[in-house]
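Student: This structure is in structure tokens; I'll ask about it shortly.
The values are calculated or read from the model by the stated rules, or taken from the named source; none is laboratory data. Computed from a predicted model, the values in this text were never measured in an experiment. Don't worry about glycine lacking a Cβ; one is built from the backbone with ideal geometry, like all the others, and counts go over all protein chains shown.
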Amino acid sequence: MTSLENLREKLGTVEPWVESRGTWWLNPGVLSVREVARAMNAVGARFITITAYQLPGAEGFRLEYHWDLDGHLLGLPFVIAGNSTQSIFDLCEAADWIEREIHEEYSIDFTGREYEPLLLRKGDKTGVNLREDPAAPPKPAAPAPGPKEVAQ
Amino acid sequence: MSYKIPMGPYHPGLEEPYKLDMICEGETVQDAELHIGFNFRGIEHLAETRNYFQVIALMERVCGICSFIHTLTLCQAMEKLAGLEAPPRAQYIRVVMAELERLHSHVLWAGIAAKLMGFKTMFMTCFALREKVMDVLQAISGNRVNYSMNRVGGVNRDVEDPLALVNMVDDLEREMMRTVIPIFTTSSTARSRCAGIGVLTHEKAISCAVVGPTARASGINQDLRRDAPYAAYAEMKFEVPVEQAGDVRARLFVRALEIIESCRILRQALAGMPSGEIAVGGDKFAFITGTATSRVEAPRGEVMYSVSWKEGSRNPARVHVRTPTYANMPAVRWMVRGARLADTPLIQASIDPCYSCTDR
């Protein structure tokens, strides 16, 4: 049994692993992120990071959790409708800084943990860097590459 | 009675802004708190406002020492979204540049570690060697630090005469074997300052998910060049040095051995470089809607980029960067626990921290 199949068995899911552009994705379905973190610990996967994406309008956020298992890059996306999700810090110490950073940049609450002091800035204002206001006008597009850039 | 000693954000032992508040009893550190973000630049946010040429130049500025690695990781992710694959010669040139950058980083780190040990002569020797590595980098790219070598679909500059560089690699290796490595591995000064201090146990290294030489010095046998090869690494033969002790000396050993392995890889890449073009795809790119990730083994450990694009857009929708120091730095807290206060600058330096990467 390969390590990926072993992990799928630990997760108790029938969803298949789907390889896309070098990442092995698994739809977590009804699994919570804490259940996933426990299964990752059980198979010895190494936590890498969480990438947060703000969904358009007021739809919420997509958090992509990445682990490494025997050189395979694993990706598990979780969509959150509101502004909070469960923390995995107590199960996965390595998630500490990235949870704090996402809390700071997107104002997403990871429940079950504390946030002080903030990682990147002083003060208690959150969501000031990467979070966009859905009511704000769209960002202007980047300028087209100029002839100098193309020549370079 | 315990008291708190702040080290940083501006400290002669650090020279980059970062703060370690150490709770001490007498001369012994009981615990530590880390503070970063003193130079946070918001590069991920800036990346969303740059077009596909500008974003490469921007991400090259994430780190001063491994600037090539950052553009390599970004370009690999962008190539996945553009449906391009760099030609074989470009893949070899990427290996050459990445290994030269590893040599540059490890020798620079060895110099700084020597300085923190109070071994100034060694510091001078390492920096003289570093100049030789930078001469090679300059001979290839025309630049000493930000090389502008990577582009989507390949590299910008060719290595005109790869075999001419083999002599430079031989010189470097000879000097490393003659001075740096024997002194670092056998001198009583280095041993007395490094052995048994700043220990990161195997269990704690796994728990903190540390990467690169910091992980390998704590007995974790991982290296993306072997485990998930990219560029032309699948065609290279090399060993991954692993030490078990987890102390500063083990981290020193791992880097010293990696210098030798880098020279070995360089020789293979320069000798076996295939002929052909160095880039594909022209000057205009069409990216598909989606997300692509890419990982590269930087000198300090794994770098990962997640790049998200919307079809028809000139600029990325999102670029997320996970740098190796971001993964390694929280482990410093466990390394300094129980250490003598005077050892803490060397202990924190032993992970080869990059605050520029961390405050990206």
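Student: With B:Ala90, B:Ala77 as the choices, which residue is modelled with pLDDT of 90 or more, within 16 Å of B:Tyr147 (Cβ to Cβ) and of a type in the set (Gly, Ala, Ser)?
Tutor: B:Ala90
Student: Which is within 14 Å of another protein chain (Cβ to nearest Cβ), surrounded by fewer than 18 Cβ atoms within 10 Å (Cβ to Cβ) and farther than 24 Å from B:Glu311 by Cα, of B:Glu16, B:Glu33? Steps first, please.
Tutor: Details: B:Glu16 fails: within 14 Å of another protein chain (Cβ to nearest Cβ).
Sole residue among the options that is within 14 Å of another protein chain (Cβ to nearest Cβ), surrounded by fewer than 18 Cβ atoms within 10 Å (Cβ to Cβ) and farther than 24 Å from B:Glu311 by Cα: B:Glu33.
Student: Please work out if A:Asn41 is more than 12 Å from chain B (Cβ to nearest Cβ) and polar (S, T, N, Q).
Tutor: It is false that A:Asn41 is more than 12 Å from chain B (Cβ to nearest Cβ) and polar (S, T, N, Q).
Student: Now a separate question. Name the single residue that is nearest to B:Pro345 (Cα to Cα) among those in the range B:305-333 being touching a helix residue (DSSP H, G or I) at 6+ places or on another chain (Cβ under 7 Å) and part of a strand (DSSP E or B).
Tutor: Selected residue: B:Val321.
Rundown of residues vs (1) without any contact (Cβ under 8 Å) to a residue 24 or more places away in the chain; (2) more than 10 Å from chain A (Cβ to nearest Cβ); (3) in contact with a strand residue (DSSP E or B) (Cβ under 6 Å, 6 or more places away or on another chain), yes/no style:
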position: B:Met1; (1), (2), (3): no, yes, no
position: B:Ile69; (1), (2), (3): no, yes, yes
position: B:Leu81; (1), (2), (3): no, no, yes
position: B:Ala86; (1), (2), (3): no, yes, yes
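Student: Something else about it: Kindly provide the set of residues from the range A:53-68 that are under 21 Å from B:Cys208 (Cα atoms) and under 9 Å from the mean Cα position of the chain (by Cα), ordered by number. Please lay out each step first, then the result.
Tutor: As a first pass, look at the range A:53-68 and keep what is under 21 Å from B:Cys208 (Cα atoms): A:63-68.
Matches in the range A:53-68: A:Leu63, A:Glu64, A:Tyr65, A:His66.
Student: If you check B:Thr325, B:Thr289, which single one turns out to be at pLDDT 90 or above and at negative phi?
Tutor: B:Thr325
Student: Then there is this: What are the residues in the range B:48-66 that are more than 10 Å from chain A (Cβ to nearest Cβ) and either over 19 Å from the mean Cα position of the chain (by Cα) or free of Cβ contacts under 8 Å to residues at least 60 places away in the same chain (or both), if any?
Tutor: Across the range B:48-66, the qualifying residue is only B:Leu58.
Student: Being crowded, with 17+ Cβ neighbours inside 10 Å and assigned to a loop (DSSP other than H, G, I, E, B) is the filter here; which residues of the range A:33-51 pass it?
Tutor: Correct list: A:Ala45 only.
Student: Looking at A:Val79, A:Val30 in this structure, which one is more than 26 Å from B:Ala228 (Cβ to Cβ) and assigned to a loop (DSSP other than H, G, I, E, B)?
Tutor: A:Val30
Student: Just checking, which of B:Ser313, B:Ser308 is at the interface with chain A (Cβ under 10 Å from one of its Cβ atoms), farther than 18 Å from B:Leu108 by Cβ and surrounded by fewer than 20 Cβ atoms within 10 Å (Cβ to Cβ)?
Tutor: Result of the check over B:Ser313, B:Ser308: B:Ser313.
Student: Search the range B:188-238 for residues being surrounded by 19 or more Cβ atoms within 10 Å (Cβ to Cβ) and among the aromatic types (Phe, Trp, Tyr), and hand back the single one that is nearest to A:Ile88 (Cα to Cα).
Tutor: Residue satisfying both the conditions and the ranking: B:Tyr230.
Student: I would also like to ask the following. Restricting to the range A:61-73, count the residues that are without any contact (Cβ under 8 Å) to a residue 60 or more places away in the chain and among the aliphatic types (A, V, I, L, M).
Tutor: Going through the range A:61-73 one residue at a time, the tally reaches 2.
Student: B:Glu277 fails exactly one of the following numbered conditions: (1) within 10 Å of another protein chain (Cβ to nearest Cβ); (2) touching a strand residue (DSSP E or B) at 6+ places or on another chain (Cβ under 8 Å). What is the number of that condition?
Tutor: Of (1) within 10 Å of another protein chain (Cβ to nearest Cβ); (2) touching a strand residue (DSSP E or B) at 6+ places or on another chain (Cβ under 8 Å), only one is false for B:Glu277: (1).
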